[in-house]
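Trainee: Pasting a structure below so you can have a look.
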Amino acid sequence: MEAEFVRWLRDHVPRHPRQRIGLGDDAALIGCSQNANVVVTTDLLTDGVDYHIATDDPRRIGRKALAANLSDIAAMAARPVAAFVSIAFPRQPTAAGTPLELAIALYEGLLPLAAEYDVAIAGGDTNSYDGPLVISVTLLGEVTDRGPLTRCGGKPSDWLLVTGSLGGTILGHSFDFTPRIREALMLHERYELHAGMDLSDGLALDCSRLAAESSCGALIFTDQVPVAKAAHELAAREVVLNNEHATALRHALGDGEDFELLLAAPPDAAAAMLRDQPLECGITHVGELISDSGLWQQTETGQRQPLEPIGWLH
Ligand SMILES: [Mg+2]
């Protein structure tokens, strides 16, 4: 299978101008802008944990493998450059067909996204074994002259903002999300941002992480959280299915894989972003960084209470 797959790759994976040499060498040679700092991120997606090969379309799985990494590059407000894709294939046929058919389908999901974000597929490795499908993508990005956006630059009284809406991602968004590369680059260019990250494990948990890295606490205005339609759907559905009520808000606070941006910005810059609303996906004021450590919520009545940092723990 592997020789055949390599032939397929040579025919279908375009050579990007960033690739200074072709695929025949021992390592890739990638052109970077003069003096650019490079950010590197990697993600490991395993069958049964991040997707289910028995039920999920392998094209969506391939897309997600790259998209999750793009989201991490967006979190740093960097520009994606080159991806390295390593896959361990199950030796036995799966719901997606033979190992070769599975391999091709994964790439059919991944390649359009790489083209859309101008990412070179510059290398990788494949192997077959008696085990579940595992995909690992490593993605390089270039920091702009505004520097990287990190989690540690937040200050007490910064406003916390999120892009898009949150929760209920299991209904489809966890595969079909748009990595916020363009949004992050644009906001970082136009406004003063102190800190940022992407929301992969749930707003409450990720907020507590950003706050801790910035040596602050975080206060979330629970009535301001932009709750996704899917979170409402899921909340309604679960009442029927499990007789157990997780509210839509709880989904918005604790569901993982939103892949939206969480940003901390000084109040005047944050107010300008909210006024301008420069993003199609929207941007919402969900809280602020505070000097008291820990995670807090402010309810509609203005009371401050501790908030459990619910979310997805790996
Ligand atoms: Mg991340």
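The values are calculated or read from the model by the stated rules, or taken from the named source; none is laboratory data. Remember, it's a predicted structure, so these values are computed and weren't measured experimentally. Cβ placement follows ideal geometry from the backbone for every residue including glycine, while neighbour counts extend to all protein chains displayed. Note: accessible area is taken over every heavy atom of the protein model, side chains too, but ligands, DNA and RNA are not part of it. Shrake-Rupley method; radii C 1.70, N 1.55, O 1.52, S 1.80 Å.
Trainee: Report the normalised scattering of the chain as log10 I(q)/I(0) at q = 0.09, 0.11, 0.13 Å⁻¹, calculated by the Debye formula with identical scatterers on the alpha carbons.
Mentor: So the normalised log intensities work out to -0.49, -0.72, -0.96.
Trainee: Semi-axes, largest first, in whole Å: what does sqrt of 5 times each Cα gyration tensor eigenvalue give for region 1-69?
Mentor: Values: eigenvalues 150, 76, 20 Å².
Ellipsoid semi-axes (Å, largest first): 27, 20, 10.
Trainee: Now a separate question. Determine the share of the chain's accessible area contributed by carbon and sulfur atoms, expressed in whole percent, with a 1.4 angstrom probe. Kindly include the intermediate steps, with their values, before the conclusion.
Mentor: Details: 7150 of 14530 Å².
Of the solvent-accessible surface of the chain, carbon and sulfur hold 49 percent.
Trainee: Counting only heavy atoms of protein chains, what accessible area per residue, in Å², does the chain have with a probe of 1.4 Å? Display every interim value, and only then the final one.
Mentor: Numbers: 14530 Å² over 314 residues.
Each residue of the chain exposes 46 Å² on average to a 1.4 Å probe.
Trainee: For region 123-235, rounded, prolate or oblate, judged on the Cα gyration tensor with a ≥ b ≥ c (square roots of eigenvalues), a/c < 1.5 rounded, else prolate if a/b > b/c?
Mentor: Details: a/c = 1.93, a/b = 1.25, b/c = 1.54.
Note, shape of region 123-235 comes out oblate.
Trainee: Mind grabbing the accessible area of I170 for me, 1.4 Å probe, Å², rounded to tens?
Mentor: 130
Trainee: Next question. Nearest 20 debye, what's the magnitude of the dipole of the chain about its Cα centre given +1 on Lys and Arg Cβ and -1 on Asp and Glu Cβ? The partial results should precede the final answer.
Mentor: On the way: 23 positive and 43 negative charges, 99 e Å.
About 480 debye.
Trainee: Can you tally the net charge around D130? Count Lys and Arg as +1, Asp and Glu as -1, for every other residue whose Cβ sits under 14 Å from the Cβ of D130. All intermediate terms of the calculation are to be shown ahead of the outcome.
Mentor: On the way: positive: R91; negative: D47.
Residues near D130 contribute 0 overall.
Trainee: Pick from H12, H232, H194 the residue whose mean-square fluctuation is largest in a GNM of the chain, springs joining Cα atoms under 10 Å.
Mentor: Among H12, H232, H194, the largest GNM mean-square fluctuation belongs to H12.
Trainee: Considering the convex hull of the alpha carbon atoms of region 173-314, report its projected area averaged over all viewing directions, in nm², one decimal. Write out the running numbers ahead of the final one.
Mentor: Working: hull surface 37.4 nm².
Projected area, direction-averaged: 9.3 nm².
Trainee: Moving to a separate point now. Counting helices only, and only those DSSP H runs with n ≥ 4, report the 222 nm mean residue ellipticity of the chain as the sum of -39,500 (n - 2.57) divided by its residues, in deg cm²/dmol to the nearest 500.
Mentor: Details: 9 runs with 103 residues, N = 314.
Taken over the chain, the calculation gives -10000 deg cm²/dmol.
Trainee: Using a Gaussian network model of the chain with C-alpha springs under 10 Å, which one of P90, P179, P58 is most mobile by mean-square fluctuation?
Mentor: In the Gaussian network model the winner is P90.
Trainee: Connecting C-alpha atoms closer than 10 Å in a GNM of the chain, tell me which of R209, R79, R15 has the biggest fluctuation.
Mentor: Checking each option, the largest mean-square fluctuation is seen for R15.
Trainee: Quick one: grab the alpha carbon gyration tensor of region 110-161, order the square roots of its eigenvalues as a ≥ b ≥ c, and give me rounded if a/c is under 1.5, else prolate or oblate depending on whether a/b is larger than b/c. Numbers along the way, then the final one.
Mentor: Details: a/c = 3.09, a/b = 1.96, b/c = 1.58.
Since a/c reaches 1.5 and a/b is larger than b/c, the shape of region 110-161 is classed as prolate.
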